[in-house]
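Written out below as structure tokens is the structure these notes cover.
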Amino acid sequence: MRRLMSLMVCGAALAAATAHAAELTAAQIAEKNAAARGGLQAWRAVNTLAMSGQMDAGGKQDAKLPFVMDMKRPHKSRLEIRFQDQTAVQTYDGAQGWKYRPFLGRTEAEPLTANELRLVAAADELDGPLIDYAQKGIRIELQGTDKIDGKSAYRLRLTNTRTGAQRNLWVDASTFLDVKVDGEPRKLDNKLHKVAVYYRDYQSVGGLTLPHTLETVVDGVRQTHKIVIQNVKVNPPLDDALFLKPQASLAKAAAAQ
């Protein structure tokens, strides 16, 4: 009898949780997500974002590489990674992209490959996919709830209406912060492996709430890859020239600093 009562209580709790989840639409979840992250108007006022920290290099030594990421609307980005006393640079001006890799003996910047350009073009704007999602050509649909790190999270399906590309994004059911998103699948051993990126360690910066740890998990791979953000600047002055083709002389000067 006690076991039956326990099952009935659990069933009632599950039904209540399901009913609660059904009360919110995908649009309402996106609205609460914007509020939890600092507010829609606050994010609309962000034109540039600069972040720096360290990222895992991978391999047996598990080295940490310093990085700087600059972003500017609309969809411009610049990534610098310090490696073996040299600075690698990748830029994207919203239409074209380049890479400068001195540690490989490349003395000039090269255009991104077609696949690299596709990936950087598909990357989220600096405010993420849910802020003004409709204007970005993103359709969102609530698919249900899942447990992420032991906590309930709404699973939203994001569809790019311009390309048809789809991915899942999980929003914590209590905090309404992003906790997980599908990454680009990786081909290992001639097989595609699912990739997930987890957002952790949220902190407030200039009234905005941002994750300071991004952990990438590849299905079937034991080692994960972490990006730890140590400094964030909101709306720093960033000249458009930063996102153009990097010049070797400028990259060398930056490496010497």
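The values are calculated or read from the model by the stated rules, or taken from the named source; none is laboratory data. Every value quoted in this text rests on a predicted model; they were computed, and no experiment measured them. Cβ placement follows ideal geometry from the backbone for every residue including glycine, while neighbour counts extend to all protein chains displayed.
Looking at region 180-209, which of its residues are charged (D, E, K, R) and part of a loop (DSSP other than H, G, I, E, B)? Of everything in region 180-209, those that are charged (D, E, K, R) and part of a loop (DSSP other than H, G, I, E, B) turn out to be GLU184, ASP189, LYS194.
Taking the criterion of being touching a strand residue (DSSP E or B) at 6+ places or on another chain (Cβ under 7 Å) and either crowded, with 19+ Cβ neighbours inside 10 Å or closer than 29 Å to GLY137 by Cα (or both), the residues of region 63-80 that qualify are PHE67, VAL68, MET69, ASP70, MET71, LYS72, LYS76, SER77, ARG78, LEU79, GLU80.
Scanning region 31-60 for residues that are among the basic types (Lys, Arg) and either in a loop (DSSP other than H, G, I, E, B) or loosely packed, with under 15 Cβ neighbours inside 10 Å (or both) turns up ARG37, ARG44, LYS60. Restricting region 152-174 to residues that are of a type in the set (A, V, I, L, M) and modelled with pLDDT of 95 or more, the residue that is nearest to VAL195 (Cα to Cα) is LEU169. Modelled with pLDDT under 95, more than 21 Å from LEU169 (Cα to Cα) and not β-branched (Val, Ile, Thr): does that describe ASP85? In short, yes. Residues in region 100-123 that are closer than 19 Å to GLN84 by Cβ and touching a Gly at 6+ places or on another chain (Cβ under 9 Å): there are none. Would you be able to say whether some residue in region 224-240 is exposed (fewer than 12 other Cβ atoms within 10 Å of the Cβ), under 18 Å from the mean Cα position of the chain (by Cα) and outside any loop (DSSP other than H, G, I, E, B)? There is at least one residue in region 224-240 that is exposed (fewer than 12 other Cβ atoms within 10 Å of the Cβ), under 18 Å from the mean Cα position of the chain (by Cα) and outside any loop (DSSP other than H, G, I, E, B). The C-beta contact set for region 53-67 (first residue farther than 11 Å from THR224 by Cα, second residue at pLDDT 80 or above and of a type in the set (Asp, Glu), distance under 9 angstrom, 6+ apart or interchain) comprises ALA63/ASP56; LYS64/ASP56; LEU65/ASP56; PRO66/GLU80; PHE67/GLU80. For region 147-174, the set of residues classified as surrounded by fewer than 16 Cβ atoms within 10 Å (Cβ to Cβ) and within 14 Å of TYR202 (Cβ to Cβ) consists of ASP149, LYS151, SER174, listed by residue number. Residues in region 33-62 that are out of contact with any strand residue (DSSP E or B) (no Cβ under 8 Å at 6 or more places or on another chain) and of a type in the set (A, V, I, L, M, F, W, C): ALA34, ALA35, LEU40, ALA45. Among the residues of this structure, VAL181 counts as one that is within 28 Å of ALA50 (Cα to Cα) and surrounded by 18 or more Cβ atoms within 10 Å (Cβ to Cβ).
Among the numbered conditions (1) touching a residue at least 40 places away in the same chain (Cβ under 8 Å); (2) over 16 Å from ALA34 (Cα atoms); (3) of a type in the set (S, T, N, Q), the only one that THR161 does not meet is (1).
For region 193-210, does any single residue satisfy the condition of being touching a residue at least 60 places away in the same chain (Cβ under 8 Å), hydroxyl-bearing (Ser, Thr, Tyr) and buried (at least 18 other Cβ atoms within 10 Å of the Cβ)? Scanning region 193-210 turns up no residue that is touching a residue at least 60 places away in the same chain (Cβ under 8 Å), hydroxyl-bearing (Ser, Thr, Tyr) and buried (at least 18 other Cβ atoms within 10 Å of the Cβ).
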